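I have placed the structure first, in the form of structure tokens, so that the comments after it can refer back to it.
The values are calculated or read from the model by the stated rules, or taken from the named source; none is laboratory data. What you see is a predicted model, and the numbers here were worked out from it, not measured in a lab. Quick reminder, even Gly has a Cβ in these numbers, built from the backbone with ideal geometry, and neighbours come from all protein chains shown. Protein only, heavy atoms only, side chains kept; ligands, DNA and RNA dropped before computing areas. Shrake-Rupley method; radii C 1.70, N 1.55, O 1.52, S 1.80 Å.
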Amino acid sequence: MSIPKEVKTLLGKEVILEWRHKYAINGVLLYTISTIFICYLTFNVQRGGLNPFAWNALFWIIMLFSAVSAISKSFIQESSSRQLYYFNLVKPISIIISKIIYNTIFLVLLSLIAYSIFSLILDNPVQDQLIFLTSVLLGTIGFSISLTLMSGIASKTQNNGMLMAILSFPVVIPLVMMIIKITKNAIDGLDRGESIDEILTLFAIDIIIGALALMLFPYLWRS
């Protein structure tokens, strides 16, 4: 079977399994919405208001922890017998591509839901929606690629949950810093030319991380 067909089959499997066991999706959504509501209560927005810098930082902190929570079980939840079955059935590159695509779709939808709720509850200081949403898209793609690879590495160890957290944050922190810089420009309403270099850099980071994931995962999978 060719790689595109394998990816399509594995992607369908991911969707079916997630639909049957909705606790993962519901848990992440509940975590995200609850965190936003706690921020609303903590900062007492009805009286004072939240400055744009704090709004931006809070949004990406919530998205970062939501992404880690959502993707941490990508490989950890797979049993060793199921992984052995996949090993004999499909190519490793098809597995990592299908996981990345599924996690990207899930994170994009989650980020749009979180952005909508965040804007509704905590107001919306963003002046350039296009730049902001572009950074959200590129940022969630970067989160998906890097965290999926980290989940695969962590699944090979006994204490995989802790290792996932330890490995993830040094990788995604540079991404978060670049994203926050771009979204700050969008919030301030700066000329779009001011953000082009950062957007291209963020896109290049996604490409590099994706290429590394595709090159390294087959060796990881064979182990």
- Message: I'd like the residue in segment 181-195 that is open to solvent by 30 Å² or more (accessible area, probe 1.4 Å) and either at pLDDT 90 or above or charged (D, E, K, R) (or both) and, out of all such residues, is nearest to Pro125 (Cα to Cα).
- Response: Asp188
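To keep it simple, each residue is scored yes or no on (1) without any contact (Cβ under 8 Å) to a residue 40 or more places away in the chain; (2) within 15 Å of the chain's Cα centre (by Cα).
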residue	(1), (2)
Leu167	yes, yes
Val172	no, yes
Asn185	no, no
Asp188	no, no
Arg192	no, no
Asp197	yes, no
Phe203	no, yes
Met215	yes, no
- Query: In segment 34-64, which residues are surrounded by fewer than 17 Cβ atoms within 10 Å (Cβ to Cβ), at pLDDT below 85 and either under 19 Å from the mean Cα position of the chain (by Cα) or outside any helix (DSSP H, G or I) (or both)?
  - Reply: Asn44, Val45, Gln46, Arg47, Gly48, Gly49, Asn51
- Restricting segment 116-154 to residues that are in contact with a helix residue (DSSP H, G or I) (Cβ under 7 Å, 6 or more places away or on another chain) and among the hydroxyl-bearing types (Ser, Thr, Tyr), the one nearest to Ile205 (Cα to Cα) turns out to be Ser146
- Determine which single condition Leu133 fails, assuming it passes every other condition in (1) modelled with pLDDT of 90 or more; (2) surrounded by 22 or more Cβ atoms within 10 Å (Cβ to Cβ). (2)
- Reported set for segment 18-28 where residues are open to solvent by 50 Å² or more (accessible area, probe 1.4 Å) and at pLDDT 75 or above is Asn26
- Message: Only one of Leu138, Leu214, Leu190, Leu200 is touching a Leu at 6+ places or on another chain (Cβ under 8 Å) and farther than 16 Å from Ser72 by Cβ. Can you tell me which?
- Response: Leu138
